[in-house]
Each structure stands twice: as structure tokens, then as C-alpha cells.
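For reference, the structure discussed in these notes is given below.
The values are calculated or read from the model by the stated rules, or taken from the named source; none is laboratory data. None of the values given here were measured: they were computed from a predicted structure. Because the Cβ atoms are built from the backbone with ideal geometry, glycine has one as well, and the counts that use them run over all protein chains shown.
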Amino acid sequence: MGRIAAMSIGLIGRKVGMTQVFQDDGTMVAVSVLEVQPNTVTRLRTTARDGYTAVQLGTDETRTLTRPEAGQLKDLPKLKTIHEFRLDSVDEFTVGQKLDVSLFEAGEIVDVTGVSKGKNFAGHIKRHHFKRGPKTHGSDHHREPGSIGPGTTPGRVYKGMRMAGHMGDQRITIKKLRVVRADAERNLLLVKGSLPGARNALIFVRKV
């Protein structure tokens with residue numbers, strides 16, 4: 001197996017929405033606002049014990065956990081959202097340590113991962129941006145997909161054929177976005193551009 005490309009620490013947050021902010025030079029930029037409550041280090045993965053190195057972070061305190069979850073967290077707060085960030089070394093971290101948005105600085109480049117909005121079952125025009133057929137001269141092929149393959153050879157539909165189907169609700173990573181502002185007092189992180197997911201969607205922000 002090859003080495004995993006992304007090997008840096010990050011944080012778990014939730015998408016609040018979008019807004020506009022003015023920069024020091026007077027230009028206005030569109031930003032996505034993330035609420036990032038302090039993340040707690042819940043476990044350290046080591047090569048000797050687990051076969052890889054990673055920092056496991058938790059957030060979103062809750063009142064109830066399953067017995068396996070409670071046993072894993074032990075004396076730590078009850079956290080319902082757990083995620084691991086693979087690193088080359090975990091020597092800088094300790095179990096119970098708190099990480100907040102001060103981990104990031106304005107101008108820093110990050111990768112953001114989330115789950116896109118679900119669009120349910122969509123046709124080929126909406127899903128794949130196909131063009132529609134003519135609406136005049138007796139045509140009855142307004143929104144039909146057209147041919148999907150010959151009948152004799154191969155006698156089947158090729159895998160990956162662009163057709164109607166489930167749209168959205170996919171894990172998406174947007175790379176090399178710029179941090180516009182990190183507000184540790186209000187636990188807010190402003191990232192330039194749009195991010196996947198609806199409001200309150202879970203977002204993972206990773207240093208590049």
C-alpha cells in the first residue's frame with residue numbers, strides 16, 4: 001500500500017452558512033463560516049500497537065453513549081463525534097488535550113472534507129448536464145437520454161454509463177482553500193469559497 005497523501009492535523013467542525021467579509025485591502029470575499037468547538041484528543045494511534053500513527057479527536061458533547069463508546073472514552077467527556085487524522089508522528093499530542101481554531105491562521109491553506117447535499121433521484125439533464133431534444137417538428141424526444149448501447153454487441157449497458165440516478169450525498173474534499181479569519185473567542189473559522197453540505201453539516205478541516 002502507498003503512503004497516504006494527507007498526513008497533517010485538522011479539526012472537526014460544523015457548517016454555519018456563508019457571508020461576505022472585507023479584507024485589509026478593502027476587497028470583499030465570500031466565505032463559509034464554520035463553528036469549531038474545541039476538539040478533545042481521545043486517543044493516540046501508534047505504529048507499534050495499531051500499525052499506523054494518528055490522532056483521534058472528539059467533539060459534540062452528549063448525555064448518553066453506548067457502552068462500547070463510553071468504555072473507549074473512559075474518563076474523557078462524553079463525545080458523540082469521533083474522527084481520526086493520520087500523522088507522521090503523535091509525539092506533540094496527549095490524550096485529553098484541547099485543540100481549537102487557534103490551530104489555524106489567516107492566509108493558511110487547508111483541505112476541507114464534507115458530505116454534499118442530497119438531491120434524491122435526478123434525471124440525466126440535471127445530473128450530468130445533458131442537452132434536451134427539440135421541442136418542435138413532431139419530436140417526442142424532449143428529455144430522453146438517447147441510446148445507451150447496441151443490442152447485439154455487447155448486449156448490455158457498459159458500466160459507468162451516464163444515466164438518471166441518485167444525485168449528491170457524496171463525500172467531497174475541496175483542496176487548497178484559504179483561511180480568511182480564525183476567531184478563537186467565538187470558535188469560528190472563516191474559509192474562502194463554498195463548502196460541501198447543508199447548514200449544520202459535519203466538516204473536517206485539515207492543514208495542508
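Numbers for the structure displayed
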read-out: Residue within segment 54-77 that is at pLDDT 95 or above and in contact with a Lys or Arg (Cβ under 6 Å, 6 or more places away or on another chain) present; value: yes
read-out: Selected residue [surrounded by 12 or more Cβ atoms within 10 Å (Cβ to Cβ), out of contact with any Asp or Glu (no Cβ under 8 Å at 6 or more places or on another chain), among the basic types (Lys, Arg) and assigned to a strand (DSSP E or B)] from 127, 181, 162; value: 181
read-out: Extreme residue, farthest from residue 61 (Cα to Cα), among residues of segment 21-36 that are assigned to a strand (DSSP E or B) and in contact (Cβ under 8 Å) with a residue 40 or more places away in the chain; value: 29
read-out: Residue in segment 48-57 that is under 25 Å from the mean Cα position of the chain (by Cα) and among the hydroxyl-bearing types (Ser, Thr, Tyr) present; value: yes
read-out: Residues that are under 19 Å from residue 50 (Cα atoms) and within 24 Å of the chain's Cα centre (by Cα), drawn from segment 81-101; value: 82, 83, 84, 85, 86, 87, 88, 89, 90, 93
read-out: Given (1) surrounded by fewer than 15 Cβ atoms within 10 Å (Cβ to Cβ); (2) in contact (Cβ under 8 Å) with a residue 24 or more places away in the chain, number of the condition residue 86 does not satisfy; value: (1)
read-out: Unique residue being in contact with a Pro (Cβ under 6 Å, 6 or more places away or on another chain) and either without any contact (Cβ under 8 Å) to a residue 40 or more places away in the chain or hydrophobic (A, V, I, L, M, F, W, C) (or both) when the list is 125, 172; value: 172
read-out: Single residue of segment 46-80 satisfying the filter (assigned to a helix (DSSP H, G or I) and among the acidic types (Asp, Glu)) that is surrounded by the fewest Cβ atoms within 10 Å (Cβ to Cβ); value: 50
